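Engineer: One structure coming up, written as structure tokens, with questions to follow.
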Amino acid sequence: MSISKEVKRITTHVLQRMKNEGEKISMLTAYDYSLAKIVDAAGIDMILVGDSASNVMAGHETTLPITLDQMIYHAQSVVRAVKKSFVVVDLPFGSYQGNSRRALESAIRIMKETGGHGVKLEGGAEIQESVTRILSAGIPVMGHLGLTPQSIYKFGTYTVRAKEKAEAQKLKSDAKLLEELGCFGIVLEKIPATLAREVAESVQIPIIGIGAGPDVDGQVLVLHDVLGLTKDFHPRFLRRYMDLYDGIKGAVEQYISDVKSVDFPNANEKY
Ligand code: KIV
């Protein structure tokens, strides 16, 4: 039996065992109670309450506008639904950068008010102090390197990161640093697959990829993309498992038509 099937709850220790024994880790985002309940019941190992909620739930162009209070609201809804998965909550833009005291306060609010199991921060050496302070409070921290959407205005584009030697070198040393500081895992987003493999082989902690190829310890995707709820997002790394956009649109069109024609409600659908 797989490790993830044999345990009652996924913990950082279970995730580490999975890496050690070569069992891939599955991770998806969720932002609300109803979908989190389904994702958890399906047996996902980790749920990310991602700041991508800013895009897919609130319709913002970037992840920058979402607030700590809004992340807490989403995380509370998700945690209420979860029985087994390990829930990681993103610290949003402005809640940790350049101020390690604020970083700790933000992380403590997330842990206290949501019941989430850990937090994720974007960046390497530049956020070392924040990571150290949060870890000193006993809060599990996940790193996030490569394409870090909170820095989109610095990058200027959402294209593949770390193709150049200098950036690849910094990414590798940031991954080592995050491991040494005590992070329990790292997300690598949109980087060359060969670089992701090198990183996964060079550190002991689990590396979860998104657009980072197959040779890492697990994969994460945005649930709304996987379900085909988003129509206008087609990165090469995305695999859609459903077309819910058209499915939902068709159902709503049928409902409208049934209401207009008084087909709904019928004799069995009234009191
Ligand atoms: O917010 C998010 O959904 C993320 C994933 C893309 C890893 O950080």
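So that you can scan it fast, the table gives a plain yes or no per residue for (1) open to solvent by 10 Å² or more (accessible area, probe 1.4 Å); (2) at pLDDT 95 or above; (3) assigned by TED's automatic domain parsing to the domain that holds Lys37; (4) away from the ligand (no atom under 16 Å from the Cβ):
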residue: Gly146; (1), (2), (3), (4): yes, yes, yes, no
residue: Pro149; (1), (2), (3), (4): yes, yes, yes, no
residue: Ala166; (1), (2), (3), (4): yes, yes, yes, yes
residue: Ile208; (1), (2), (3), (4): no, yes, yes, no
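Engineer: Moving on. Among the residues of the stretch 3-62, write down those that are over 24 Å from Pro214 (Cβ atoms), open to solvent by 50 Å² or more (accessible area, probe 1.4 Å) and part of a loop (DSSP other than H, G, I, E, B).
Structural biologist: The answer is Lys8, Arg9, Thr11, Met57, Ala58, Gly59, His60, Glu61.
Engineer: Can you pull out the residues in the stretch 87-133 that are over 19 Å from the mean Cα position of the chain (by Cα) and among the hydroxyl-bearing types (Ser, Thr, Tyr)?
Structural biologist: Hits for the stretch 87-133 are Ser100, Ser130, Thr132.
One line per residue, one yes/no per condition, for (1) closer than 24 Å to Ile10 by Cβ; (2) touching a Pro at 6+ places or on another chain (Cβ under 7 Å):
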| residue | (1), (2) |
| --- | --- |
| Ala36 | yes, no |
| Ala41 | yes, no |
| Leu48 | yes, no |
| Ser54 | no, yes |
| Pro65 | no, no |
| Ile72 | yes, no |
| Val78 | yes, no |
| Phe86 | yes, no |
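Engineer: While we're looking at this one, here's another question. Mind listing just one residue for me: the one in the stretch 98-120 that is under 19 Å from Thr11 (Cα atoms) and touching an Asp or Glu at 6+ places or on another chain (Cβ under 8 Å) and, of those, nearest to the ligand (Cβ to nearest atom)?
Structural biologist: Looking at residues that are under 19 Å from Thr11 (Cα atoms) and touching an Asp or Glu at 6+ places or on another chain (Cβ under 8 Å), I get Lys120.
Engineer: Can I ask one more? In the stretch 226-269, which residue that is of a type in the set (Phe, Trp, Tyr) and under 35 Å from the mean Cα position of the chain (by Cα) is least open to solvent (accessible area, probe 1.4 Å)?
Structural biologist: Phe237
The values are calculated or read from the model by the stated rules, or taken from the named source; none is laboratory data. Predicted model, so just to flag it, every value in this text is computed and none were measured. In this analysis, Cβ positions are derived from the backbone assuming ideal geometry, glycine residues included, and neighbour counts consider all displayed protein chains. Side chains included, ligands, DNA and RNA excluded: accessible areas come from the protein's heavy atoms. Shrake-Rupley method; radii C 1.70, N 1.55, O 1.52, S 1.80 Å.
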